[in-house]
Amino acid sequence: MIIRSISSSKLKKLIFPLSLSAYTHKNPIPNSSPPILENVYTQNPAKTLVPPFLFSFRNYSTPIKIQSLPVSRDGNFEESISDVVCPGCGVKMQDSDQKQPGYFIKPCVKPPNYKTPINKNPVADEPEISFSLKRGLLNEDVEHENQENVEKPGQKGEKPVVCARCHSLRHYGKVKDPSVENLLPDFDFDHTVGMRLMSSSGARAVVLMVVDASDFDGSFPRKVAQLVSRTIEENSRAWKEGKSGNVPRMVLVVTKIDLLPSSLSPTRLEHWVRTRAREGGAIKLTSVHMVSAVRDWGVKNLIDDVVGLAGPRGHIWAVGAQNAGKSTLINAIGKCSGGNLSHLTEAPVPGTTLGILRVEGVLPRNAKLFDTPGLLHPHQISTRLTRDEQKLVHISKELKPRTYRIKVGHSVHIGGLMRLDVEELSVDSVYVTVWASPLIPLHMGRTENVNTMLEEHFGRQLQPPIGEGRSEELGKWLKREFHVNGNMWDSSSVDIAASGLGWFAIGLKGDAKLGVWTYDGVDVIVRNALLPNRSYDFEVAGFTVSKIVSTADRSSNKQRRDEKKRRLSDSTAEKPAKPSSVDVASTTC
């Protein structure tokens with residue numbers, strides 16, 4: 001009846017879209033009515049199929065599974081997209097696909113009294129007269145005192161919502177899904193940050209080059225230093241000619257100085273840092289600061305200097321290698337400045353920050369502080385290691401020297417990552433001090449036994465690498481020769497450092513030819529000694545006492561005991577039984 005009341009013109013408008021989205025079988029349907037329009041919809045509808053080429057025109061209310069999300073590492077540099085960026089790492093957040101970067105879960109809304117303490121005592125155990133009444137206290141006063149101790153929901157600052165990756169790093173110290181890391185595009189520093197630093201217009205730029213004190217040459221950003229120094233020269237020349245020239249300021253920040261021995265002189269350290277920075281390409285340094293974000297050493301002086309250089313509307317860029325301590329430094333700046341506390345994710349995992357993070361409210365006026373993703377340094381050996389191996393290499397406590405007195409024909413191993421051979425000496429012996437993580441075991445022995453060490457102990461007593469055959473995955477084992485000399489016995493004169501690992505400090509009064517072995521592609525340099533002192537007690541030949549060596553020794557000893565027991569059991573089983581003696585006289589008739 002409804003169809004009969006519709007006019008023919010309106011009916012055509014209703015039927016026409018259906019003809020585009022579906023087609024009807026032409027085969028006759030048994031027991032069907034004559035092809036009357038009203039019976040098609042009321043009694044025996046035709047079987048319709050949707051063509052494959054029209055699947056894209058499905059209803060938009062149906063949820064569509066996203067196969068791949070666009071991932072950007074520009075972060076929240078622009079204010080228009082600051083609400084969709086993770087405040088911990090700077091990646092664009094999304095809640096549609098947990099297999100893509102930036103996935104987060106919206107926290108559930110908690111009731112106002114979700115932290116109210118629960119009385120766990122059974123009702124039957126309660127006395128008839130409460131102890132508060134026996135002491136002469138009223139129930140109202142007791143309840144009032146209990147309510148003061150209860151933490152109110154809004155009393156403590158609410159933590160911002162971060163992505164699942166930051167949540168796992170903050171609470172568990174590891175990445176939740178390592179496979180998602182491969183979906184992240186490489187961070188193009190020249191395109192995202194370099195173009196803004198080279199611009200001759202815009203806000204005044206202050207570049208904080210953050211360098212790890214325990215791995216200075218390995219974490220020093222040489223390309224950034226050369227880029228900023230070249231920009232300073234070009235813009236200064238243009239400014240002198242009356243053109244627009246925004247001259248950036250370059251500040252070198254050496255972090256984690258609490259890892260260096262306290263006996264090191266600050267004056268000597270600053271002179272050494274300036275010399276190494278100049279050799280690395282930082283010719284136009286404005287200032288140098290030695291800080292410890294963990295202990296708040298030198299952070300206040302750094303803030304005062306940066307505020308004066310940036311001005312009321314300047315941009316401060318924190319730039320450095322992966323795991324150099326940029327996010328930890330910015331959190332310390334926010335804590336020390338008294339402004340809004342930042343919540344950047346801190347973890348001893350390379351590449352924690354994924355995108356540019358704009359931190360506002362930390363510095364006075366309209367100055368903005370930017371945290372950038374860590375620069376990847378392939379010449380660091382730590383970038384090739386697994387997470388468990390990185391924990392052994394990572395330096396988290398004050399460095400302690402381990403010194404050997406070595407003659408020609410002996411070698412010193414730093415785990416299974418680096419070896420030093422004493423090939424020629426103009427004197428009887430040389431002092432070799434190892435500065436590296438205390439978790440890495442050392443070994444000193446004859447050079448003629450290095451092949452046995454490589455086959456039997458790499459991956460076991462000498463870790464990292466961890467596991468048999470792991471050393472072959474790290475690359476080819478190569479040798480580099482160095483000719484060094486010194487003029488005193490009391491202290492070290494020269495360092496031979498491997499990026500991302502540590503260094504050998506050489507002390508001698510004469511000349512020496514040394515061979516250094518490590519994996520292909522790892523940067524090994526010779527420099528003036530950073531820490532001249534050596535330990536008072538010298539190490540002896542063999543393995544150093546460490547948790548790794550003791551565990552490996554217990555395992556190897558257990559295997560030997562099990563093998564000995566197995567051999568004894570096998571020999572007992574294979575031994576033939578003696579035939580029983582028989583009296584011949586008693587058996588004869």
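The values are calculated or read from the model by the stated rules, or taken from the named source; none is laboratory data. What you are looking at is a predicted structure, and each value in this text was computed from that prediction instead of being measured. Cβ: placed from backbone, ideal geometry, glycine included. Neighbour counts: every protein chain shown. Accessible surface areas use protein heavy atoms only, side chains included; no ligands, DNA or RNA. Shrake-Rupley method; radii C 1.70, N 1.55, O 1.52, S 1.80 Å.
Below, the figures for the structure above:
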quantity	calculated
Where labels lie 7 Å past Cα in the beta-carbon direction, separation of Glu270 and Ile283 in nm	2.4 nm
Accessible-area composition of region 414-460, carbon plus sulfur, in percent [1.4 Å probe]	42 percent
Distance between region 494-537 and region 280-343 - C-alpha centres, whole angstrom	30 Å
Proximal charge balance of Leu531 [Cβ under 11 Å; K/R count +1, D/E count -1]	+2
Inter-site label distance for Gln559 and Asp95 at 7 Å from Cα along Cβ, in nm	5.2 nm
Theoretical gain in end-to-end length, Leu568 to Thr452 [0.36 nm per residue, Cα-Cα removed]	38.9 nm
